[in-house]
1. Rounded to the nearest 500 deg cm²/dmol, what is the calculated helix-only ellipticity per residue at 222 nm for the chain, with -39500 (n - 2.57) per DSSP H run of length n ≥ 4?
2. Quick one: of 42/141; 100/203; 34/200, which pairs are farther than 27 Å apart, Cα to Cα?
3. Which is the longest part of the chain that has none of the GluC sites (Glu not before Pro) sitting in a DSSP loop with at most 15 other Cβ atoms within 10 Å?
4. Under unit Cβ charges (Lys, Arg +1; Asp, Glu -1), what dipole magnitude, rounded to 20 debye, does the chain have relative to its Cα centre?
5. Positive end of the dipole of the stretch 106-206, charges at C-beta (+1 Lys, Arg; -1 Asp, Glu), about the Cα centre: which of 116, 160, 194 has its Cα farthest in that direction?
6. Suppose the chain between residue 93 and residue 25 were pulled fully straight at 0.36 nm per residue; how much longer would it get relative to their current alpha carbon spacing?
7. How much of the DSSP bridge set in the stretch 106-206 is antiparallel, in percent, rounded to the nearest 5?
8. Determine which residues of the stretch 152-171 fall in the zone a paramagnetic label at residue 138 would reach in this model, i.e. backbone nitrogen under 19 Å from the point 7 Å along Cα→Cβ.
Amino acid sequence: MIEFPYTVGYGMTECGPIICYEDWKSFKPASCGKQVPRMEVKVLSPDPENIPGEIVCRGANVMLGYYKNEEATAQVLDADGWLHTGDLALMDAEGNVTIKGRSKNMLLGPSGQNIYPEEIEDRLNNLPYVAESIIVQQNEKLVALVYPDFDDAFAHGLKNEDMEGLMEENRVALNATLPGYSQITKVKIYPEEFEKTPKKSIKRFLYQEAKG
């Protein structure tokens, strides 16, 4: 077994080069570290340790604004200089930030519970023969759109007709790890990769009304 140290940081173009980071020796698993020196970071939540809120940050490395776009600038930079990132997270007593998802992607469960599709997608993407996925809400039910890892599947002697059964097995396995309000009711298989932005993020808006 090969072992090597690694850690995770958190940053964005509007606040370069980084907002949070932690040395690998002190890194808390699943977090993106703590605020870096000369930065202020907080989570806008009445209980940041238990209730996710938006990450906001302030410091000399925060942008002055979007070029010739005052309206867009006003949407993310407030009067006190805080940059509103649009990312939802928890922050523990030691200052470790754990990202839950994007505020614009958050879904509501049947009783108003907050559902973070990115968390579910991360778990699903680690299951056998899943290349990438999107969790969408249709008719108040959660549906997983999956692009299978066909190369890996075919290398193991599997065929196209095996995919539906494999993904159903993944759905059952995934649901066993999720709370009741986040259960996936169906998997829809896509034959090609999802369309992406220049930053390689999936264009979620294209798939919200996916049929099948």
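Rule-based calculations on the coordinates, nothing more; no lab input. For clarity, every value in this text was computed on a predicted model and none was experimentally measured. When we count neighbours, we look across all protein chains shown, and the Cβ atoms used for this are built from the backbone with ideal geometry, even at glycine.
1. On the way: 4 runs with 35 residues, N = 212.
Rounded to the nearest 500, the figure is -4500 deg cm²/dmol.
2. Among 42/141; 100/203; 34/200, the Cα-Cα distance tops 27 Å for 42/141.
3. Details: sites that count: 3, 49, 94, 140, 192, 193, 195, 209.
Between the exposed loop sites, the longest stretch runs 141-191.
4. On the way: 22 positive and 33 negative charges, 70 e Å.
Using Cβ point charges on Lys, Arg, Asp and Glu, the chain gives about 340 debye.
5. Of the listed residues, the answer is 116.
6. Values: separation 68, 0.36 × 68 = 24.48 nm, distance 1.84 nm.
Full-extension gain reported as 22.6 nm.
7. On the way: 11 of 16 bridges.
Given both bridge residues lie in the stretch 106-206, the antiparallel proportion sits at roughly 70 percent.
8. Counting backbone N atoms under 19 Å from the label point, the list is 163-171.
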